[in-house]
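Remarks on the structure that follows.
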2 protein chains.
Amino acid sequence: MLLYIKIIYNITDWGGILKLNERGLLVIISGPSGVGKGTIRKALFDISDNNFCYSVSMTTRKPRKGEVDGQDYFFVSKEEFEKRIKENGFLEYAEFVGEYYGTPMDYINKKLQAGKEVIIEVEVQGALQVHERLPEAVFIFIVPPSKKALIKRLQNRGTDSPSIIKKRINKAEREYSLAYKYDYIVVNDDVANAADRIYAIIRAEHAKTERSIHRYYKLMEGKE
Amino acid sequence: MLLYIKIIYNITDWGGILKLNERGLLVIISGPSGVGKGTIRKALFDISDNNFCYSVSMTTRKPRKGEVDGQDYFFVSKEEFEKRIKENGFLEYAEFVGEYYGTPMDYINKKLQAGKEVIIEVEVQGALQVHERLPEAVFIFIVPPSKKALIKRLQNRGTDSPSIIKKRINKAEREYSLAYKYDYIVVNDDVANAADRIYAIIRAEHAKTERSIHRYYKLMEGKE
């Protein structure tokens, strides 16, 4: 299937390489809780020579001490949030303890258009929402190296009661079975390696024919 | 589409990363003549930490001075070559000035099964033959950074007459239009960069869900 990708027609460099696909990629890092998504995302941003940006969420909850508007969250009123929902302005959103949390579309579009890779880290349900809306995004599922490693990780996390840990493991198991909905499966055996693998995926995705052929034909027709 | 990939069930490392897809990849580096396929292939093999192997061709022509059987070519008789053709033993083959040249299947299968990435460098017509036979291979099309760069390169190559150069340019133009048949388009603006991009593609392909989900589910079922 050939995707329609809007391409900006000026040559820029990315990691020293001529990119045929000038638009940034929307990269969804997902996976069950306890798998280490957040740590991998941070390691990914530590790779030098990246042009990644992290999608800032929007929320209706009040800012906590030290939180900066536009950096930690975009803080808005309930009215504004619901207006945006009606305007289809969220890539995905959810309500949690009476407050909204969502990923605003306009912010993402602006960054993608500027050639930035937008990285989003979301739970499995959020990722499936994004898939409905933007199937051309790159969906990466993070998995532990073994079932044992996952259980150990969930058990060591905080000071939860055995019944809560059991619930978490059950939830993780349901989520694990959804791996087939993603484009890539990355094993978190080592954080730096996993981040590096995601970096390779992003570079490879830019070279995909469906993302680069439009501009390539323009180049070959001498129209650039 | 889910591909059937035969997976060997023992954990090995590749570039320090747990590979869910244990079988090697067949990587086809192709593109019109004059684009620098051979140079890129050599640069790719210079990347440390690789487990690539180059597919040795089979031919019926006599070995030239210094050529080693099994290294430069597998040298066989015409009878043996034709027997293999009948047995469907070639990934692709062609006749050239009365001699056969081909890529034997058994050699490739052995290497793939051992987890090696098999790199093949072929002309566009050969790549299309491979595509018919093994669509699960990874097809990479090398392109020049511009039409001007291509023409310059073809003109500077050897001491051919203007009419031969013109024929080459025409052939290259026909071949360029076949880019859409490939999985990836890699620009040869710089040899090291192009090789590096191919390396990223190989790593990303291993993480593709269709290649890794089978083993992943085994891991999650605790069967490993």
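The values are calculated or read from the model by the stated rules, or taken from the named source; none is laboratory data. Small disclaimer: the values here were computed from a predicted structure and weren't measured. No Cβ is skipped: glycine too gets one built from the backbone with ideal geometry, and neighbour counts run over all protein chains shown.
Observations, loosely collected:
- In segment B:188-218, residue nearest to B:ARG23 (Cα to Cα) [restricted to those that are without any contact (Cβ under 8 Å) to a residue 60 or more places away in the chain and crowded, with 23+ Cβ neighbours inside 10 Å]: B:ALA204
- For the criterion of being over 27 Å from B:SER33 (Cβ atoms) and at pLDDT below 90, B:ASP49 passes.
- Residue within segment A:48-56 that is within 14 Å of another protein chain (Cβ to nearest Cβ), within 30 Å of B:ARG215 (Cβ to Cβ) and not hydrophobic (A, V, I, L, M, F, W, C) present: yes
- Close contacts from segment A:120-144, counting a first residue that is assigned by TED's automatic domain parsing to the domain that holds A:GLU205 and a second that is part of a helix (DSSP H, G or I) and of a type in the set (Phe, Trp, Tyr), with Cβ to Cβ under 7 Å and a gap of 6+ residues or different chains, come to A:VAL143/B:TYR216.
- Number of the exception - A:GLU79 against (1) surrounded by 18 or more Cβ atoms within 10 Å (Cβ to Cβ); (2) free of Cβ contacts under 8 Å to residues at least 40 places away in the same chain; (3) in a helix (DSSP H, G or I): (1)
- Flag if A:VAL122 is closer than 26 Å to B:ARG215 by Cα, in contact with a Ser or Thr (Cβ under 7 Å, 6 or more places away or on another chain), among the aliphatic types (A, V, I, L, M) and more than 9 Å from chain B (Cβ to nearest Cβ): yes
- Sole exception among (1) closer than 30 Å to A:ASP46 by Cβ; (2) more than 7 Å from chain B (Cβ to nearest Cβ) for A:LYS167, by number: (1)
- The set of residues from segment B:28-70 being β-branched (Val, Ile, Thr) and farther than 17 Å from B:TYR199 by Cα comprises B:VAL35, B:VAL56, B:THR59, B:THR60, B:VAL68.
- In segment B:36-71, residue surrounded by the fewest Cβ atoms within 10 Å (Cβ to Cβ) [restricted to those that are in contact with a helix residue (DSSP H, G or I) (Cβ under 7 Å, 6 or more places away or on another chain) and assigned to a loop (DSSP other than H, G, I, E, B)]: B:ILE47
- The single condition among (1) surrounded by 15 or more Cβ atoms within 10 Å (Cβ to Cβ); (2) closer than 26 Å to B:ILE201 by Cβ that B:ILE151 does not meet is (2).
- Scope segment B:170-192; condition within 19 Å of the chain's Cα centre (by Cα) and within 8 Å of chain A (Cβ to nearest Cβ); matching residues: B:TYR176, B:ALA179, B:TYR180, B:TYR182, B:ASP183, B:TYR184, B:ILE185, B:VAL186, B:VAL187
- B:PHE74 passes every criterion in (1) out of contact with any Lys or Arg (no Cβ under 9 Å at 6 or more places or on another chain); (2) assigned to a loop (DSSP other than H, G, I, E, B); (3) more than 14 Å from every other protein chain (Cβ to nearest Cβ); (4) of a type outside the set (D, E, K, R) apart from (2).
- Single residue of segment B:204-219 satisfying the filter (among the charged types (D, E, K, R) and more than 15 Å from the chain's Cα centre (by Cα)) that is nearest to the other protein chains (Cβ to nearest Cβ): B:LYS208
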